[in-house]
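K.L.:
First the structure, which I've put down as structure tokens, then a few questions once you've had a look.
The values are calculated or read from the model by the stated rules, or taken from the named source; none is laboratory data. Only a predicted model underlies this, so the values are computations on that prediction, with no experimental measurement involved. Cβ atoms come from the backbone with ideal geometry, glycine included; neighbour counts cover every protein chain shown. These accessible areas exclude ligands, DNA and RNA; they are computed on the full protein's heavy atoms, side chains included. Shrake-Rupley method; radii C 1.70, N 1.55, O 1.52, S 1.80 Å.
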Amino acid sequence: MLVLGIETTCDETAAAVVHRASDGTGYIRSNVVYSQIAEHKEFGGVVPEIAARAHVEVLDQVIGKALVDAQVRLSDCDAIAAAAGPGLIGGVIVGLTEAKAIALAAKKKFVAINHLEAHALSVRLIGRVDFPYLLLLASGGHTQFVLIEDIGRYRKIGGTVDDALGEAFDKAGKMLGLGYPGGPAVESRALLGNPERFDLPRPMLGRAEPDFSLSGLKTALRVEAEAIAPLSEQDVSDLCASFQSAVLDVIADRMRVALRLLDDSVYRPTAFVVAGGVAANQAIRRMLEEETAQLGTPLIVPPQSLCTDNGAMIAWAAAERLARGIEDGLDFAPRARWPLAESTTPA
Ligand code: KG4
Ligand code: ZN
């Protein structure tokens, strides 16, 4: 099965062609991502209206390149898929409408994909991972633990009550004058700093529910920064290192709670999977490797190109759904808000 997948829910315009063999093996034929970071940088974050316009401007070329790279024609594809949400509604409409138009004109099946479901299933595109597995989705817009029980059976077991992890990195970076996106900048400055100089809070540590709260940490960082302003280069590095150290402690604790919660149940996960842009952070990866090794749970972190937003994960989620006989009508409406649990399909 050959699927063209389109992703336009945030600031990446992406398209990919993915093959799924009948034994469930996946193969990425092409994966084209046009990042709009340059367009949003001067505003310190993603501007929805600019994002939607930029998607319109480049989507045709991105799709064309995905087909050329894959060395296939539209007529070779079995289905066209697009992320139908959740995300910035202008961008969602651009990708969804284009996918529907192509499906209609080329007489192909159409699949509307929940962006979060695509993140959740992307790990199965690179290798065999049995259900159920525990996913930590950590991106700029989302932070949640989801038990992936089967295709279309997703149980959220915890999430953030305020900021997403990536958002916390972005806000920290902005506050310290490191630009957008903050995650990579904070990580590299943290390497030069002293993680023990500032005693920042570890919100939710020890709580029985595997939830996150990050806005208090951000506020504490601001208070420390303001107290010693103007900041030297070393101050910024020390603040980054202290911030990242607090985040590491929080993730480790929340992950242990989530895994312990499932350990004695029939839902004992076969693996702990991390997806989303924050999974790019090497310090977080290292900590997760150590923690999961201690807990005896295999850790799987998909390659970076699959962790951040991309079209291959959309195409793959569609292929997994099509293999179960699930497809959508061209009247499928875009959704700005779309909790993963609502993507559940009847067994
Ligand atoms: O998944 P993604 O590409 O886009 C969505 O948000 O859907 O994730 C982007 C987020 C941004 O908040 C960015 O700051 C964060 O992932 N990020 C990082 C790192 N690289 C990207 N956060 C921490 N450390 C990093 N190295
Ligand atoms: Zn995403």
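K.L.:
Can you tell which of Ala79, Leu340, Asn31 lies farthest toward the positive end of the dipole of the chain, using +1 and -1 charges on the Cβ of basic and acidic side chains (Lys, Arg; Asp, Glu)?
P.N.:
Towards the positive end, the residue furthest out is Ala79.
K.L.:
A further question follows. With the chain treated as a Gaussian network of Cα nodes joined by springs under 10 Å, which of Val247, Val33, Val47 yields the largest mean-square fluctuation?
P.N.:
Val47
K.L.:
I want to make sure I understand the PRE zone here: with the label point 7 angstrom from the Cα of Arg53 toward its beta carbon, which residues in segment 95-123 have backbone N atoms less than 16 Å away?
P.N.:
It comes to no residues whatsoever.
K.L.:
I would also like to ask the following. Roughly what angle does helix 311-323 make with the longest principal axis of the chain, taking Cα atoms, 0 to 90 degrees, to the nearest 10?
P.N.:
With rounding to tens, the tilt is 50 degrees.
K.L.:
Still on this structure: Any chance you could get the radius of gyration and Dmax over the Cα atoms of segment 201-347, in Å?
P.N.:
19.5, 61
K.L.:
Explain nothing, just the number: dipole magnitude of the chain about its Cα centre with +1 on each Lys and Arg Cβ and -1 on each Asp and Glu Cβ, in debye rounded to the nearest 20. Intermediate values should be presented prior to the final figure.
P.N.:
Numbers: 33 positive and 44 negative charges, 160 e Å.
It works out to roughly 760 debye.
K.L.:
Now for a different question. So with the 1.4 Å probe, I'd like the accessible area per residue for segment 130-301, rounded to whole Å².
P.N.:
Details: 7150 Å² over 172 residues.
Dividing the accessible area of segment 130-301 by its residue count gives 42 Å².
K.L.:
Would you mind computing Rg(Cα) / (2.2 N^0.38 Å) for segment 84-159, counting N as its residues? Don't skip to the end; give the middle numbers.
P.N.:
Values: Rg = 14.6 Å, N = 76, 2.2 N^0.38 = 11.4 Å.
Output field value: 1.28.
K.L.:
What part of the accessible area of segment 130-301, given as a whole %, is carbon or sulfur when the probe is 1.4 angstrom? The partial results should precede the final answer.
P.N.:
Numbers: 3540 of 7150 Å².
Here it works out to 50 percent.
K.L.:
For segment 235-313, place one equal point scatterer on every Cα, skip the solvent, and apply the Debye formula. What is log10 of I(q)/I(0) at q = 0.27 Å⁻¹?
P.N.:
Rounded to two decimals, the profile gives -1.27.
K.L.:
Provide, for q = 0.08, 0.10, 0.15 Å⁻¹, the log10 of I(q)/I(0) from a solvent-free Debye sum over equal Cα point scatterers in segment 1-154.
P.N.:
With one equal scatterer per Cα and no solvent, log10 I(q)/I(0) is -0.23, -0.36, -0.82.
K.L.:
Let me ask another. In square nanometres, what is one fourth of the surface area of the convex hull spanned by the alpha carbons of segment 130-301? Walk me through the numbers on the way to the answer.
P.N.:
Details: hull surface 37.6 nm².
If I average the Cα hull's projected area over directions, I get 9.4 nm².
K.L.:
Also, I was wondering about something else. Using a Gaussian network for the chain with springs between C-alpha atoms less than 10 Å apart, which of these wobbles most: Ala229, Ala101, Ala120?
P.N.:
Ala229
K.L.:
So which trypsin sites (Lys or Arg not before Pro) in segment 292-347 are both in a DSSP loop and have at most 12 other Cβ atoms within 10 Å of their Cβ?
P.N.:
On the way: sites: Arg321, Arg324, Arg335, Arg337; in loops: Arg324, Arg335, Arg337.
When the trypsin sites (Lys or Arg not before Pro) of segment 292-347 are filtered for loop state and at most 12 Cβ neighbours within 10 Å, Arg324, Arg337 remain.
K.L.:
Taking only DSSP H segments of four or more residues, each worth -39500 (n - 2.57), what value at 222 nm results for the chain once the sum is divided by all its residues, to the nearest 500 deg cm²/dmol? Can you show the working numbers first?
P.N.:
Values: 11 runs with 149 residues, N = 347.
Taking each H run of at least 4 residues, the total per residue is -13500 deg cm²/dmol.
K.L.:
What range in the chain is the longest one free of GluC sites (Glu not before Pro) that are in a loop by DSSP and have at most 14 other Cβ atoms within 10 angstrom? All intermediate terms of the calculation are to be shown ahead of the outcome.
P.N.:
Details: sites that count: Glu42, Glu196.
Result for the longest clean stretch: 43-195.
K.L.:
Positive end of the charge dipole of the chain (Lys, Arg +1 and Asp, Glu -1 on Cβ, about the Cα centre): tell me which of Gly325, Tyr180, Leu262 has its Cα farthest that way.
P.N.:
Gly325
K.L.:
Mind pulling the angle between the C-alpha long axis of helix 282-295 and the longest principal axis of the chain? Nearest 10 degrees, somewhere in 0 to 90.
P.N.:
90
K.L.:
Connecting C-alpha atoms closer than 10 Å in a GNM of the chain, tell me which of Thr143, Thr25, Thr97 has the biggest fluctuation.
P.N.:
Largest GNM mean-square fluctuation: Thr25.
K.L.:
Whole-Hz ³J(HN,Hα) for each residue in segment 50-63, computed from phi via Karplus 6.51 cos²θ - 1.76 cosθ + 1.60 with θ = phi - 60°, x for glycine and proline: what do you get?
P.N.:
With coefficients 6.51, -1.76 and 1.60, one gets 5, 4, 4, 5, 5, 4, 4, 5, 10, 4, 4, 5, 5, 5 Hz.
K.L.:
Provide the descending list of Cα extents for the chain along its principal axes, expressed in whole angstroms.
P.N.:
In descending order, the Cα extents are 63, 49, 30 Å.
K.L.:
Apply the Karplus parameterisation 6.51 cos²θ - 1.76 cosθ + 1.60, with θ equal to phi minus 60°, to every residue of segment 214-222 and state each ³J(HN,Hα) to the nearest whole Hz, in sequence, with x for glycine and proline.
P.N.:
Per-residue couplings from phi come out as 10, 6, x, 5, 5, 5, 4, 4, 4 Hz.
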